[in-house]
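First up is the structure itself, then whatever we jot down about it.
None of the figures in this text is laboratory data; all of them are computed from the coordinates on show. On a predicted model such as this, the values are computed, not experimentally measured, just so you know. Cβ placement follows ideal geometry from the backbone for every residue including glycine, while neighbour counts extend to all protein chains displayed.
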Amino acid sequence: MKSVLVAGGAGYIGSHAVHQLVERGYEVAVVDNLKTGRLAAVHPKSIFYEGDLRNRNFLTQVFSRHRFDAVIHFAASSVVGESMKMPLEYFDNNVYGTQVLLEVMRDAEVKKIVFSSTAATYGEPEKVPITEDMPTNPTNAYGETKLAMEKMMKWADVAYGLKYVALRYFNVAGARNGGDLGEAHEPETHLIPLVLKVALGKTPAITVFGRDYPTPDGTCIRDYIHVEDLIDAHVLALEYLNSSGTSNTFNLGSSQGFSVEEILSAARKVTGHSIPAQLGPRRAGDPARLIAGSEKAQKVLGWKPSRTSIERIISDAWRWHSRHPDGYTASI
Ligand code: UDP
């Protein structure tokens with residue numbers, strides 16, 4: 001398999017995928033509307049098309065210029081809080097955008113897709129670790145759109161033989177080794193980049209969202225997965241589909257949990273900064289513990305996450321943030 005379309009290839013996770021694919025010898029085309037993605041993050045050896053998945057004419061033109069073997073689909077709105085305020089916009093961008101993409105794929109006879117899904121499809125889990133056979137009950141509109149996108153693919157497989165791999169991410173963090181590619185959301189809502197902004201002196205303190213959870217130190221526990229390990233799984237998923245793998249769903253996490261307090265102390269160690277913290281109220285909809293069972297991806301795809309130490313994840317993120325305190329700027 002050589003030619004791949006990466007939808008959303010200018011975003012945090014998509015841009016890491018494009019870099020790895022180009023390095024592994026794939027021909028990569030990128031589609032991104034640059035609403036949240038950054039052109040500076042797009043690998044110069046990929047072919048870039050600026051446009052929106054919901055624009056069928058635009059997408060049909062892109063497909064007419066290439067013979068794609070597969071698509072990797074990252075293009076979606078992904079801020080949980082925002083999805084609760086504007087659910088219809090989330091359904092429009094995420095679900096309708098995916099519908100148009102699948103229609104154009106069907107018409108162009110491109111039959112393989114690797115899809116960026118989320119642990120938010122599970123909602124509040126009955127137990128941890130969370131395995132792929134557990135019930136899906138999203139507690140926010142973002143997770144619901146991702147579940148709807150997965151279901152659309154399931155029925156497109158039944159009707160048109162479109163094979164998909166849905167990868168349900170836990171907490172993606174870290175950055176590429178060189179420090180020139182990383183996480184730059186605006187506004188930022190994720191814990192690790194926010195903690196590092198405090199270390200950079202850009203904000204005075206981190207607010208810990210609740211210390212009264214039923215966990216050893218009272219703060220929420222999450223499963224942090226290095227973005228480069230995450231992308232390894234996407235490449236393996238492409239290879240799996242290419243060797244006639246059937247449609248499938250996999251969790252991607254490190255299968256280990258760290259509390260907010262543990263992230264703070266690891267970040268203090270990595271950065272050498274005191275990183276002041278203040279207590280705030282719980283954030284609505286935050287489950288106490290989310291930890292992935294990722295054995296299925298390891299067994300079926302042969303995935304082996306290797307950057308699982310939390311210090312490694314934070315220090316790679318720190319290299320990026322300290323070199324690029326203002327994210328991507330015109331000079332990068
Ligand atoms: N969190 C926090 N303060 C912040 C941002 C996040 O205490 O400023 C907590 C949040 O409540 C959750 C964990 O950090 O328990 C990870 O949150 P994040 O938004 O990074 O990812 P999520 O788990 O929501 O996908």
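Evaluated with a Cβ-only charge set (Lys, Arg +1; Asp, Glu -1), segment 22-124 carries a dipole of roughly 240 debye about its Cα centre, given to the nearest 20. Hydrodynamic analysis of segment 35-148 uses the Kirkwood radius over alpha carbon pairs. Inserted into Stokes-Einstein at 4 °C and 1.567 mPa s, it gives a translational diffusion coefficient of 82 µm²/s. Can you count the Lys pairs in segment 1-114 whose Cα atoms are under 24 Å apart, with each pair 8 or more apart or on different chains? Lysine pairs, 8 or more places apart or on different chains, close enough: 6.
Provide the convex hull volume over Cα atoms per residue for segment 277-332, in Å³.
On the way: hull volume 11.4 nm³, N = 56.
Per-residue hull volume (Cα only) is 204 Å³.
Counting Lys +1, Arg +1, Asp -1, Glu -1, what net charge surrounds ASP32 among other residues with beta carbon under 11 Å of its beta carbon? Value of the local net charge: 0.
Within the shell defined by Cβ-Cβ distances under 14 Å, the residues around LEU102 carry a net charge of +3, with Lys and Arg each +1 and Asp and Glu each -1.
Sorted largest first, the principal axis extents computed over the alpha-carbon atoms of segment 176-332 equal 52, 46, 26 Å.
Ignoring everything except DSSP H segments at least 4 long, calculate the 222 nm mean residue ellipticity for the chain; use -39,500 (n - 2.57) per segment, divide by total residues, nearest 500. All intermediate terms of the calculation are to be shown ahead of the outcome.
Details: 10 runs with 115 residues, N = 332.
My calculation for the chain gives -10500 deg cm²/dmol from helical runs alone.
Each of GLY51, HIS19, LEU39 was scored by the projection of its Cα onto the charge dipole of segment 1-67, and the greatest displacement toward the positive side belongs to GLY51; charges sit on the C-beta of Lys, Arg, Asp and Glu.
Remark: the Cα gyration tensor places segment 173-262 in the oblate category, a/c being 1.5 or greater and a/b not exceeding b/c. Take the alpha carbon atoms of segment 273-301, find their center, do the same for segment 25-96, and report the distance between the two centers in whole angstrom. The distance from the Cα centre of segment 273-301 to that of segment 25-96 comes to 27 Å. Less than 9 Å Cβ to Cβ from ASP316, Lys/Arg counted +1 and Asp/Glu -1: what total charge do the surrounding residues give? With Lys, Arg at +1 and Asp, Glu at -1, the neighbours total +3.
Can you put ASP316, ASP107, ASP69 in order of Cβ neighbours within 10 angstrom, beginning with the fewest?
ASP107, ASP69, ASP316
When the chain is treated as a GNM with alpha-carbon contacts under 10 Å, the residue of PHE58, PHE258, PHE91 showing the greatest mean-square fluctuation is PHE58. Taking the number of Cβ atoms within 10 Å of each Cβ as an exposure proxy, the fewest-first ranking of THR246, THR219 is THR246, THR219.
Out of all DSSP beta bridges in the chain, what portion is antiparallel? Express it as a percent rounded to 5.
Numbers: 2 of 39 bridges.
That works out to approximately 5 percent antiparallel.
Shown here: the chain, whose C-alpha atoms stretch 55, 47, 38 Å along the first, second and third principal axes, sorted largest to smallest. How would segment 106-192 be classified by its alpha-carbon gyration tensor: rounded, prolate or oblate, with rounded meaning a/c under 1.5 and the a/b versus b/c comparison settling the rest? Here segment 106-192 falls in the oblate category.
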